[in-house]
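The values are calculated or read from the model by the stated rules, or taken from the named source; none is laboratory data. All figures in this text were calculated on a predicted structure; none of them were measured in a lab. For neighbour counting, all protein chains shown are included, and Cβ atoms are generated from backbone atoms with ideal geometry for every residue, glycine included. Ligands, DNA and RNA are excluded from the accessible area calculation, which covers all protein heavy atoms including side chains. Shrake-Rupley method; radii C 1.70, N 1.55, O 1.52, S 1.80 Å.
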Amino acid sequence: PRMGGPAAASPAPPRYRYYQNVCAQSYSYAWWDWARWEREIDWMALSGINLAPAFAGQEAAWQRVFRSLGLNQSEIDAYFTGPAFLAWNRMGNLRGWAGPLPPAWHLKQLYLQYRIVERMRSLGMITVLPAFAGHVPRGVLRVFPRVNATRLGGWSHFDCTYSCTYLLDPEDPMFQVIGTLFLKELIKEFGTDHVYSADTFNEMTPLSSDPAYLSRVSNAVFRSMTGADPEALWLMQGWLFQHQPDFWQPVQVRALLRGVPLGRMIVLDLFAESKPVYPWTESFYGQPFIWCMLHNFGGNHGLFGTVEAINHGPFTARRFPNSTMVGTGLVPEGIEQNDMVYELMNELGWSQEPLDLPRWVTRYAERRYGAPNAAAASAWRLLLHSVYNCTGVCVNHNRSPLVRRPSLRMDTELWYNASDVYEAWRLLLSAGAELGASPTFRYDLVDVTRQAAQQLVGDYYLSIRRAFQSHALPELLTAGGVLVYDLLPELDSLLSSHSLFLLGRWLESARAVATSDREAEQYELNARNQVTLWGPSGNILDYANKQLGGLVLDYYGVRWSLFVSALVESLNSGSPFHQDQFNQAVFQVERGFVYNKKRYPAVPAGDTLEISRKLFLKYYP
């Protein structure tokens, strides 16, 4: 209870603190067991999160619904993707790729979902369940030939082999039947907190921009929810409005939002730290919204943050005329990176005004390492005003040459001074004697050393390119040799010294879910493909790049080796370097990695401090 006095006069913090992005279900949580879920949910409780999705096990419910509608198993198998790609199957972007889902997968996910909702509710959180957004397998058209469904176009760089799903016309009576059947199935199984998530047009253009049509669509989606639960609230990602602003003009946005009674929808302003939607939609035309920090794409490693934007953004949004803001949220596409930014954002959800960031980060270093240390605090203040302070419209895809397919036109631009990271590295290393026993310190030392190495890769790339363009073979051999035979192997051994930076941890956690060798093989291919080719032919190549021990040596390193050899060959023979030919050759390397069957250790090796120091003595500029 709030007592009188000065504290009671300030407005309470917004009601919701939301966490989880639909994509993170695949980029980060795909292979989690209950022990890992439990840790996450406990962290959520400790961080004050009170609203979050519970999306596991939904394919099992869908399978029951599809079977009850008369679809056969092969039609269902052709629809579901593999476990590492389910996020995009659920949003109607993909079908069939890396699938099907084995029966044991459904059982394990159902078991997890029971425990997830039970744990979340016992800690006072509101669970968000999935609802029907209109995407259906092709089999529905066989069983109901008169149904009005439209085939959508391809998504991202996928053609109709694995994309072009069917969208049921929201005004077709079957829309209500299927939507209500599914939700009733879920509610019967897991109970409900009356909040449901559905995204009909994630990165997909609607069939018509007619406002009346868009209102009917959102009204139909909402009605399929209330058919199963009269108290339903619809939680919708606001990503589409900023992703396709040409289509979603104010009149279209208003039509979609106002198809639902005011207050019965909550919109996630998903990328509010860089591209907020509320200012140009009159606060979502009266529908409540949550100010979300997206921050990370694809679960990429790389130090990054927009601390000034998040320190002021939520407060600006609360003061907006007729603001309908009801909370703050964390919606990274992938987790286990840049802890500091999420810690800060969580704290801002409780705050009445912006924080004094240099003071805050000094305290953060002390809390994180369990002891005050002047060098560590200085390192963090440097990181705060450099890598963590991207301003303007910042979109955090790691584009470092390290994690991208080599070419002569690579991006080495930084939004900060590289020297600040080198200096933070030096300072952190100097704190090693005092803080070396702290696990969080060792993690941060890997992360900052990794960032320094990533910058060095950019420098060596520029040297390689300059040498090649000025036909200087000795310089090309030197720079290429250092990169391929020393820097990348050293970075790989650094990453291999920490369990959170191991390729083996990702792959073995995928295999651990399997109940047979065949499943283990399928899951491992899912896991490998997602962080590299992302599709059969490199459709979204390196979008979900990670810097992991094993991956740096056997994937990025092999690509760089091939690139340097191709440039040397070109200078030796006097024939021009052809990017197209190189791309074809390097695709074989990339594909070869996905299928190489090599087992990678899931246990770290080597001493992080020693390896970082060795790198420092060799490479500190």
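A few points about this structure:
- Highlighted here are the helices (runs of 4 or more DSSP H) found entirely within segment 472-523 that include at least 3 residues which are more than 23 Å from Gln454 (Cα to Cα): 503-512.
- Residue within segment 398-407 that is over 24 Å from the mean Cα position of the chain (by Cα) and more than 27 Å from Tyr620 (Cβ to Cβ) present: yes
- The residue list Ala30, Ala24, Ala87, Ala54 contains one member that is crowded, with 24+ Cβ neighbours inside 10 Å, aliphatic (A, V, I, L, M), within 17 Å of Pro332 (Cα to Cα) and modelled with pLDDT of 95 or more, which is Ala54.
- Some residue of segment 512-525 being buried (at least 17 other Cβ atoms within 10 Å of the Cβ) and under 16 Å from Arg405 (Cβ atoms): no
- Of all residues making up segment 242-262, the number that are part of a loop (DSSP other than H, G, I, E, B), modelled with pLDDT under 95 and not charged (D, E, K, R): 2
- Any hit, segment 180-190, residues being assigned to a loop (DSSP other than H, G, I, E, B), open to solvent by 20 Å² or more (accessible area, probe 1.4 Å) and either farther than 20 Å from Leu110 by Cα or not hydrophobic (A, V, I, L, M, F, W, C) (or both): no
- Screening Gly48, Gly92 for residues that are assigned to a loop (DSSP other than H, G, I, E, B), of a type outside the set (Val, Ile, Thr) and open to solvent by 10 Å² or more (accessible area, probe 1.4 Å) leaves exactly one candidate, Gly48.
- Every residue from segment 134-147 that is open to solvent by 10 Å² or more (accessible area, probe 1.4 Å) and part of a loop (DSSP other than H, G, I, E, B): Arg138, Phe144, Pro145, Arg146, Val147
- Qualifying residue in segment 284-303 (condition: within 19 Å of Arg381 (Cβ to Cβ), crowded, with 21+ Cβ neighbours inside 10 Å and not assigned by the TED database to the domain that holds Asp542): yes
- Only residues that are more than 26 Å from the chain's Cα centre (by Cα) and in contact (Cβ under 8 Å) with a residue 60 or more places away in the chain were counted across segment 587-621, and they come to 15.
- Any hit, segment 528-546, residues being crowded, with 18+ Cβ neighbours inside 10 Å and over 21 Å from the mean Cα position of the chain (by Cα): no
- Complete set of residues in segment 192-208 that are within 28 Å of the chain's Cα centre (by Cα), open to solvent by less than 50 Å² (accessible area, probe 1.4 Å) and of a type outside the set (D, E, K, R): Thr192, Val195, Tyr196, Ser197, Ala198, Thr200, Phe201, Asn202, Met204, Pro206
- The single condition among (1) surrounded by 15 or more Cβ atoms within 10 Å (Cβ to Cβ); (2) among the polar types (S, T, N, Q); (3) over 17 Å from Asn300 (Cβ atoms) that Thr391 does not meet is (1).
- Residues satisfying the criterion are absent from segment 9-18 (criterion: at pLDDT 95 or above, open to solvent by less than 50 Å² (accessible area, probe 1.4 Å), touching a helix residue (DSSP H, G or I) at 6+ places or on another chain (Cβ under 6 Å) and not β-branched (Val, Ile, Thr)).
- Looking only at segment 209-241, and only at residues there that are in a loop (DSSP other than H, G, I, E, B) and open to solvent by less than 40 Å² (accessible area, probe 1.4 Å), the one that is nearest to Leu330 (Cα to Cα): Gly238
- When the residues of segment 336-388 are filtered to those that are in a loop (DSSP other than H, G, I, E, B) and among the charged types (D, E, K, R), the one that is farthest from Asn300 (Cα to Cα) is Glu353.
- Where a residue in segment 352-371 is of a type outside the set (A, V, I, L, M, F, W, C) and its partner, wherever it lies, is open to solvent by less than 30 Å² (accessible area, probe 1.4 Å) and modelled with pLDDT under 95, with Cβ under 8 Å and at least six apart: none
- Counting residues in segment 353-372 that are of a type in the set (Val, Ile, Thr), modelled with pLDDT of 95 or more and either assigned by the TED database to the domain that holds Thr440 or over 26 Å from Glu40 (Cβ atoms) (or both) gives one or more.
- Filter result for Glu333 (open to solvent by 10 Å² or more (accessible area, probe 1.4 Å) and in a loop (DSSP other than H, G, I, E, B)): yes
- Qualifying residue in segment 382-396 (condition: modelled with pLDDT under 95 and closer than 26 Å to Leu533 by Cβ): yes
- Summed over segment 408-436, the residues that are assigned to a loop (DSSP other than H, G, I, E, B), open to solvent by 70 Å² or more (accessible area, probe 1.4 Å) and of a type in the set (A, V, I, L, M, F, W, C) give a count of 2.
- Taking segment 150-163 as the range and being modelled with pLDDT of 95 or more and either surrounded by 17 or more Cβ atoms within 10 Å (Cβ to Cβ) or aliphatic (A, V, I, L, M) (or both) as the test, the residues that pass are Phe158, Tyr162, Ser163.
- Within segment 265-323, the set of residues being under 25 Å from Gly334 (Cβ atoms) and acidic (Asp, Glu) comprises Asp269, Glu273, Glu308.
- Of the criteria (1) out of contact with any helix residue (DSSP H, G or I) (no Cβ under 7 Å at 6 or more places or on another chain); (2) buried (at least 20 other Cβ atoms within 10 Å of the Cβ); (3) closer than 25 Å to His157 by Cα, which one Pro245 fails: (2)
- Segment 589-621 - residue that is open to solvent by 80 Å² or more (accessible area, probe 1.4 Å) and either out of contact with any helix residue (DSSP H, G or I) (no Cβ under 8 Å at 6 or more places or on another chain) or of a type in the set (A, V, I, L, M, F, W, C) (or both) and, of those, nearest to Leu456 (Cα to Cα): Leu617
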